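To start, the structure under review is shown below, and the notes come after it.
The values are calculated or read from the model by the stated rules, or taken from the named source; none is laboratory data. Predicted model only: the values in this text are computed from it and were never measured. Cβ placement follows ideal geometry from the backbone for every residue including glycine, while neighbour counts extend to all protein chains displayed. With ligands, DNA and RNA removed, areas are computed over all heavy atoms of the protein, side chains included. Shrake-Rupley method; radii C 1.70, N 1.55, O 1.52, S 1.80 Å.
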Amino acid sequence: MNNTVIAIDGTSASGKSTTSKCIARKLGYIYVDTGAMYRTLAWYCLKRHVDLHDDKAVATACQKWKAKLVCVDNQVRLLVDDYYPEKEIRSSETSAAVVFVAAVPKVRAWMMKTQRDCIKFGNLVMEGRDIGTNVFPETDFKFFLDASLAERHQRRAAEGVSENIAERDRRDSQRATSPLMIALGALVVNNSGKSIEDTADFIVAEIEKRRRK
Ligand code: DC
């Protein structure tokens, strides 16, 4: 398939979601939030009382759940038993649980395959932690977003969410499988003090520049 993928990776609360949605809107692409997929599995495991520290049990849950991809209003969603747990996946409980499921190698293999499947919907702006390194390493359009820790804390607090961002980044960066890291060829964009619109415009301009080459 010849569809294009724009990979947006980065640290927690670095503005990946809002910036990616803005880029998708500007380009008429489909937005994919891969973090939401990991969060959905974490929520599902909590709901089913699967022990999050038992990698085997988490992997089994992931291989057996009835999950399917749909595309609604230019955004990909992962449904479980035909349900989209939009609010539930943002709870503090799910946020605290997600690092454990995201570290399980079999879960990452399932997610990678499912995320690669999204290409069937069209051109994508896909955000996550390992899109440029593992999911679509072949794309020419890789970006890594970051911002100062103080600003990232402020952004989460403004959303009414209290969480230890530095700890989550530490866990995401230190896990053995597909850790959070800057992909080869990725452009690092530090958006401290910048608006979403400015960051999205900068990335879109960079994509256009690369296309002209
Ligand atoms: O972007 P987010 O905060 O919704 O991501 C939730 C968690 O999922 C985060 O701790 C890292 C993990 N994640 C991942 O390991 N790989 C991805 N491609 C996306 C998210």
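Taken one residue at a time, the phi angles of the range 182-192 give Karplus couplings (6.51, -1.76, 1.60, θ = phi - 60°) of 7, 5, 4, x, 7, 8, 7, 10, 8, 9, 4 Hz. Gly and Pro are set to x. Grab the DSSP H runs of the chain that are 4 residues or longer, score each as -39,500 (n - 2.57), total them, divide by all residues and round the 222 nm result to the nearest 500 deg cm²/dmol. That calculation yields -14000 deg cm²/dmol at 222 nm.
Per residue, the chain exposes 49 Å² of accessible surface when a 1.4 Å probe is rolled over the protein heavy atoms with every protein chain present.
How much of the DSSP bridge set in the chain is antiparallel, in percent, rounded to the nearest 5?
Working: 7 of 26 bridges.
In the chain, approximately 25 percent of DSSP beta bridges are antiparallel ones.
A cut-off of 5 Å between modelled amide H atoms, ignoring neighbours fewer than 5 places along the same chain, links Leu187 with Lys142, Phe143, Phe144. For the chain, give the percent of accessible area contributed by carbon and sulfur heavy atoms, probe 1.4 Å, rounded to a whole number. Accessible surface attributable to carbon and sulfur in the chain totals 51 percent. Using the Karplus relation 6.51 cos²θ - 1.76 cosθ + 1.60 with θ = phi - 60°, the per-residue 3J(HN,Hα) values for the range 113-128 come to 5, 5, 5, 5, 4, 4, 4, 5, 7, x, 6, 10, 10, 10, 10, x Hz, with x marking Gly and Pro. What you get for the chain, charging only the Cβ of Lys and Arg (+1) and of Asp and Glu (-1), is a dipole of about 440 debye around the Cα centre. Phi-derived couplings, Karplus 6.51 cos²θ - 1.76 cosθ + 1.60 at θ = phi - 60°, listed residue by residue for the range 28-41: x, 9, 8, 9, 10, 9, 6, x, 4, 5, 5, 4, 5, 5 Hz, with x used for Gly and Pro. Judged by the mean number of other Cβ atoms found within 10 Å, the most tightly packed of the peptides 31-42, 58-69 leads the ranking 31-42, 58-69. The packing ranking, built from the mean of other Cβ atoms within 10 Å per residue, places the peptides 6-18, 199-211 in the order 6-18, 199-211, highest first.
Amide H contacts of Val5 (H built 1.01 Å from N, in plane; Pro and chain starts excluded): Leu124 sit under 5 Å, all sequence-distant by 5 or more or on other chains.
Taking Cβ atoms as reference points and 13 Å as the exclusive limit, the residues near Lys26 contribute a net charge of -3, counting Lys and Arg as +1 and Asp and Glu as -1. In this simple spin-label model, placing a label point 7 Å from the Cα along the Cα-to-Cβ direction at both Asn123 and Ile182 gives a separation of 2.7 nm. Neighbours of Glu86, meaning other residues whose beta-carbon lies under 12 angstrom from its beta-carbon, give a summed charge of +2 when Lys and Arg score +1 and Asp and Glu score -1. In this structure, the amide hydrogen of Gly10, modeled 1.01 Å from its nitrogen in the peptide plane, lies closer than 5 angstrom to those of Gly128, Leu145, counting only residues at least 5 positions away or on a different chain. Each distinct pair of alpha carbons in the range 5-212 adds a 1/r term; the inverse of their mean, the Kirkwood radius, is 17.2 Å.
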